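*Asks:* Here it is, the structure, as structure tokens.
The values are calculated or read from the model by the stated rules, or taken from the named source; none is laboratory data. None of the values given here were measured: they were computed from a predicted structure. Using ideal geometry, Cβ is built from the backbone for each residue, glycine included, and neighbour counts are taken over all protein chains shown. Heads up: the accessible areas ignore ligands, DNA and RNA and are worked out on the full protein's heavy atoms, side chains in. Shrake-Rupley method; radii C 1.70, N 1.55, O 1.52, S 1.80 Å.
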Amino acid sequence: MAETKIPRATAKRLPIYYRYLNILLDADKKRVSSTELSEAVKVDSATIRRDFSYFGALGKRGYGYDVEKLLAFFKKILNQDTLTNVALIGVGNLGHALLNFNFHKNSNVRISAAFDVNEAIANTVQSGVPVYPMTELKKQLIEQQIEIAILTVPTTVVQDITDELVDANVKGIMNFTPLRISVPDTVRVQNVDLTNELQTLIYFIEHYGEQLGDH
Ligand code: ATP
């Protein structure tokens, strides 16, 4: 399949569509209309139709979309048919929680290696995942062909570790620290600042409480 350039906002909605289509498939539903889909995933149907048009998946009027075909299509785009191994750096409170969670409801991604500088935890197995000392970072990432890393380390060390990850050819970093890290153009960063997200939510509730639902 040729590389499809899709807008970021569309790409972000893909996993939502994918999850719901799987539910439909499990329920033996053969087709779905953009209106039905819209109600289920809370995205307006015009947006859904536009999103789908980027993939060349055009629903037929009066028929909707073929669930199985769409799923097969999304699976390819989302790489759901291949297992992606991910590394986690920093097995503190948050790191532990993520190891324990380990994306098991979505079996195509998993944390397969963890790293920590703390000697008490290095060379142990936590929630079924081996924890390596930081001295082994590059070696293990290259050997295990891991290209994605999750950062749950203190902010004071996050840039240094990022540089090490770049040096080990990592292509994507999920950054759970509040610090914005610098990477070359070839590396993609996804920032997840939980405290900030929660504070934003509280801010919206406090300031726009009466008009919720408008955005
Ligand atoms: P969290 O921030 O997840 O709640 P915490 O408060 O338990 O964690 P932090 O001090 O934030 O602990 O550290 C998170 C983890 O990162 C710890 O397990 C710590 O040992 C590890 N860590 C600290 N420095 C480094 C480093 N340079 N390289 C790798 N891991 C590190």
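*Asks:* Scan the range 183-190 and tell me whether some residue there is under 18 Å from V117 (Cβ atoms) and in contact with a helix residue (DSSP H, G or I) (Cβ under 7 Å, 6 or more places away or on another chain).
*Replies:* At the first step, the residues of the range 183-190 found to be under 18 Å from V117 (Cβ atoms) are none.
No: the range 183-190 contains no residue that is under 18 Å from V117 (Cβ atoms) and in contact with a helix residue (DSSP H, G or I) (Cβ under 7 Å, 6 or more places away or on another chain).
*Asks:* Given the conditions (1) surrounded by fewer than 16 Cβ atoms within 10 Å (Cβ to Cβ); (2) under 28 Å from L24 (Cβ atoms); (3) out of contact with any helix residue (DSSP H, G or I) (no Cβ under 8 Å at 6 or more places or on another chain), and given that N93 satisfies all but one, which numbered condition is not satisfied?
*Replies:* Status for N93: all satisfied but (2).
*Asks:* Continuing with the same structure: What are the residues in the range 139-175 that are open to solvent by 50 Å² or more (accessible area, probe 1.4 Å) and either away from the ligand (no atom under 13 Å from the Cβ) or among the hydrophobic types (A, V, I, L, M, F, W, C) (or both), if any?
*Replies:* Listed by number, the residues that qualify are K139, I142, E143, Q144, Q145, E147, I148, V157, D167, N169, K171, M174.
*Asks:* Out of A87, A97, which single residue is within 30 Å of Q140 (Cβ to Cβ), without any contact (Cβ under 8 Å) to a residue 12 or more places away in the chain and under 22 Å from the mean Cα position of the chain (by Cα)? Before the answer, list the steps.
*Replies:* Working: A87 fails: without any contact (Cβ under 8 Å) to a residue 12 or more places away in the chain.
On inspection, the qualifying residue turns out to be A97.
*Asks:* Is there a residue in the range 112-131 that is more than 10 Å from the ligand (Cβ to nearest atom), surrounded by fewer than 18 Cβ atoms within 10 Å (Cβ to Cβ) and of a type in the set (G, A, S)?
*Replies:* Checking the range 112-131: at least one residue is more than 10 Å from the ligand (Cβ to nearest atom), surrounded by fewer than 18 Cβ atoms within 10 Å (Cβ to Cβ) and of a type in the set (G, A, S).
*Asks:* Is it the case, given these coordinates, that L88 is within 16 Å of the ligand (Cβ to nearest atom), modelled with pLDDT of 80 or more and either open to solvent by 50 Å² or more (accessible area, probe 1.4 Å) or within 14 Å of M174 (Cα to Cα) (or both)?
*Replies:* Details: within 16 Å of the ligand (Cβ to nearest atom): yes; modelled with pLDDT of 80 or more: yes; either open to solvent by 50 Å² or more (accessible area, probe 1.4 Å) or within 14 Å of M174 (Cα to Cα) (or both): yes.
For L88, the condition - within 16 Å of the ligand (Cβ to nearest atom), modelled with pLDDT of 80 or more and either open to solvent by 50 Å² or more (accessible area, probe 1.4 Å) or within 14 Å of M174 (Cα to Cα) (or both) - is met.
*Asks:* Pick from V166, V86, V183: which is closer than 22 Å to A11 by Cα and outside any strand (DSSP E or B)?
*Replies:* Working: V166 fails: closer than 22 Å to A11 by Cα; V86 fails: outside any strand (DSSP E or B).
Exactly one residue qualifies, and that residue is V183.
*Asks:* Return the total of residues in the range 90-123 being assigned to a strand (DSSP E or B), farther than 22 Å from E164 by Cα and in contact with an Asp or Glu (Cβ under 9 Å, 6 or more places away or on another chain).
*Replies:* The first filter runs over the range 90-123 and keeps only residues assigned to a strand (DSSP E or B), leaving 109-116.
If we keep only those that are farther than 22 Å from E164 by Cα as well, we get 109.
Right, trim to in contact with an Asp or Glu (Cβ under 9 Å, 6 or more places away or on another chain) and you get none.
Looking only at that region, the number is 0.
*Asks:* Taking the stated definitions as given, is L99 open to solvent by less than 50 Å² (accessible area, probe 1.4 Å) and either closer than 30 Å to I146 by Cα or at pLDDT 90 or above (or both)? It would help to see each step written out before you state the result.
*Replies:* Values: open to solvent by less than 50 Å² (accessible area, probe 1.4 Å): yes; either closer than 30 Å to I146 by Cα or at pLDDT 90 or above (or both): yes.
So L99 fits the description; yes.
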